[in-house]
Amino acid sequence: MACASLAPWRGCELAHYSDRSLLFSKPGDLVCLHAPPDASYLAYLNRLGIGPRLADVISCPDLPDTAGLPMAAKLGRDEYLWRQLVESLRPAEEVELQPYMTTRFETEFAQRLQDCLPGTVQLIGGNSAVLEHFDQKHHARQMALALGIPVAPGEVIEIAKAIDWYNLGNAIRRQLCHTGKVIVRGACGNNGSSVQVVVGTHEVTPCIERLRQNDSNITYLVEAMFEVTSSPNIGMFIDPQTRDVSCFSCTQQVFERNLDHAGNQYPLKDSGQLPAMIAAAERFMFFLRDLGVTGHIGFDFCEYKLPAGGISFLMAELNPRINGATYSQTLFAALNQIQRNYGGPSLGSFYAVNMSTALNSFSALEDAVGELLFKPGQHQGFVPRNLSPFTEGKCSVVMVAHQAEGLNELHSQLSAKLQPAVMRRAARAA
């Protein structure tokens, strides 16, 4: 079986992070990336038994006529790369395509590939029309309500003409009555890229102006914002062969001050609501399965305190695709298998996070903190999740440890090694 991991463009620079696909593959798989991988980083993953061989990575950089296109469309337009891909996959009896998200581009790509290959081609994700529909937040909210899954009080506003901005402002004011705080989200967007928080009526007009100037969405979800105590991400999976629904991961989301997603932690602290959240996710998954969906789906939940005491939850968002926690959980499972192979201690916890750094390559990272890199048999260590954030002054890592206490020690050690590089960069800038 061969696997081609594709990362489409979805309105923000997701192509920048396509090298996360390396964590989803193993030797013998094919991985298609928007840019060539760092050879030393891939060699490190290969020593662990993770990722494809360098010869099995097909890179498809942007050209003037393909910049911003999904990988599936870019590969289809490049005659040389298309032939390379087809010839590489021709010996396989079965080809499994695992994209970041299955859209119409991947569906067309899979059909064209099937026309060229003697073996069967299976596209993970299934019905792309359904996935694209529920990739819009207001559609996911509507279906959650229909399925009896709790969501925050709110409403949906469509911007079709100028007066609708006025209507959006009124919607925000109406929802402020619940908690005194409102979250406004565009129907489409990743990693908090279309999120505004309004605290009080005096912030309504500035919020509208920011959206008008900086956001291309035409549909907005306006919801009361609760004082959240925890934000679990529940990763679910529909097996494309058996159609069985299973829980793939349960992690705690970590957010920055502006609600940008910063990382995930495992295990999460269970307040007693986890079984109910998994059951709610399963209900949604059974519905999606009946519409022909397969593969990974992510659910973001929020836990909050009830006025009378106790904890309740609501569904905040559906990600009909692979999400950040999926990559980290996949890596975590692979590292635990490595530990079993080497007779090392099991790994019980991980923390996936972006850390500030002035380093700009895996080799530089290895020189600076190589002793902290994960090695088979160790009690703890870290693995770079992807290298693209280097261009933003960040290092994306997954720290793993036998016990959660080890993560605190590892985080302190890693911060101490990376922080001097940040300080040197700031001094040069001054």
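Membrane-span-like helices in the chain, defined purely by DSSP H runs whose alpha carbon atoms cover 27 Å or more axially and whose average Kyte-Doolittle hydropathy reaches -1.0, are 324-342, 404-429. Amide H contacts of Met355: Cys395, Ser396, Val397, each under 5 Å away and 5 or more positions distant or on a separate chain (H built 1.01 Å from N in the peptide plane; Pro and chain starts excluded).
Modelled label positions at Arg210 and Arg104, each set 7 Å beyond Cα in the direction of Cβ, lie 3.3 nm from each other. Calculate, for Glu392 and Ala67, the FRET efficiency according to 1/(1 + (r/R0)^6) with r their C-beta to C-beta distance and R0 25 Å; round to the nearest 0.05. Taking R0 as 25 Å, the efficiency between Glu392 and Ala67 is 0.80.
Can you give the net charge of the other residues whose Cβ lies under 10 Å from the Cβ of Asn233, counting K and R as +1 and D and E as -1?
For residues surrounding Asn233, the net value is -2.
log10 I(q)/I(0), Debye, Cα-only the chain, no solvent, q = 0.06, 0.13 Å⁻¹? At q = 0.06, 0.13 Å⁻¹ the computed log10 ratios are -0.26, -1.28. What FRET efficiency comes out for the pair Arg173/Leu81, r = Cβ-Cβ distance, R0 = 51 Å, nearest 0.05? Approximately 0.45, to the nearest 0.05.
Remark on Cys250: its backbone amide H falls under 5 Å from those of Gly235, a criterion applied only to residues 5 or more positions apart or on other chains, H modelled at 1.01 Å from N. In this rough spin-label picture, where each label sits 7 Å from Cα along the Cβ direction, the Leu147-Glu371 distance is 4.9 nm.
If you take all other residues with their beta carbon under 13 Å from the beta carbon of Glu317, and give Lys and Arg +1 and Asp and Glu -1, the sum is +1. Using the Cβ of Gln380 as centre and a radius below 13 Å, the other residues enclosed give a net charge of -2, where K and R count +1 and D and E count -1.
Please report the antiparallel percentage of DSSP beta bridges with both residues in the chain, rounded to the nearest 5.
Taking every DSSP beta bridge with both residues in the chain, the antiparallel ones total about 80 percent.
The trypsin sites (Lys or Arg not before Pro) of segment 154-184 that DSSP puts in a loop, and whose beta carbon has at most 10 other beta carbons within 10 Å, are Lys161.
Using a simple spin-label model with pseudo-atoms 7 Å out from Cα toward Cβ, Ala364 and Ala129 lie 4.9 nm apart. For the chain, adding -39500 (n - 2.57) for each run of n ≥ 4 DSSP H residues and dividing by the number of residues yields -11500 deg cm²/dmol at 222 nm.
For segment 77-158, the dipole from Cβ point charges (+1 on Lys and Arg, -1 on Asp and Glu) about the Cα centre works out to 140 debye, to the nearest 20.
Entry for segment 2-124 at q = 0.15 Å⁻¹: log10 I(q)/I(0) = -0.62, Debye formula applied to identical alpha-carbon scatterers, no solvent contribution. Scalar couplings 3J(HN,Hα) for segment 231-248, obtained by applying the Karplus form with A = 6.51, B = -1.76, C = 1.60 to θ = phi - 60°, are 10, x, 10, 10, x, 10, 9, 10, 5, x, 8, 8, 6, 5, 9, 9, 8, 8 Hz; x denotes Gly and Pro.
Below 8 Å, C-alpha to C-alpha, sequence gap of six or more: please give me the relative contact order for the chain in percent. Walk me through the numbers on the way to the answer.
Values: 846 pairs, mean separation 56.7, N = 430.
Averaging sequence separation for qualifying contacts and normalising by length gives 13 percent for the chain.
The HN-Hα couplings worked out from phi for segment 293-301 by the Karplus form 6.51 cos²θ - 1.76 cosθ + 1.60 (θ = phi - 60°) are 8, 9, x, 8, 9, x, 10, 9, 10 Hz, whole numbers, x standing for Gly and Pro.
Work out the length of the dipole vector of the chain about its Cα centre, built from +1 on the beta-carbon of each Lys and Arg and -1 on the beta-carbon of each Asp and Glu, and round it to the nearest 20 debye. Walk me through the numbers before you get to the answer.
Numbers: 35 positive and 42 negative charges, 138 e Å.
That gives a dipole near 660 debye.
A simple packing score, the average count of other Cβ atoms within 10 Å per residue, orders the peptides 151-160, 65-74 as 65-74, 151-160, with the highest score first. The HN-Hα couplings worked out from phi for segment 61-77 by the Karplus form 6.51 cos²θ - 1.76 cosθ + 1.60 (θ = phi - 60°) are x, 5, 10, x, 9, 10, 4, x, 7, x, 4, 4, 6, 5, 5, x, 8 Hz, whole numbers, x standing for Gly and Pro. Remark on Ala401: its backbone amide H falls under 5 Å from those of Gly348, Ser349, a criterion applied only to residues 5 or more positions apart or on other chains, H modelled at 1.01 Å from N.
Every number in this text was worked out from the coordinates using simple rules, so none of it is lab data. Everything numeric in this text was worked out from a predicted model, so none of it was measured. No Cβ is skipped: glycine too gets one built from the backbone with ideal geometry, and neighbour counts run over all protein chains shown.
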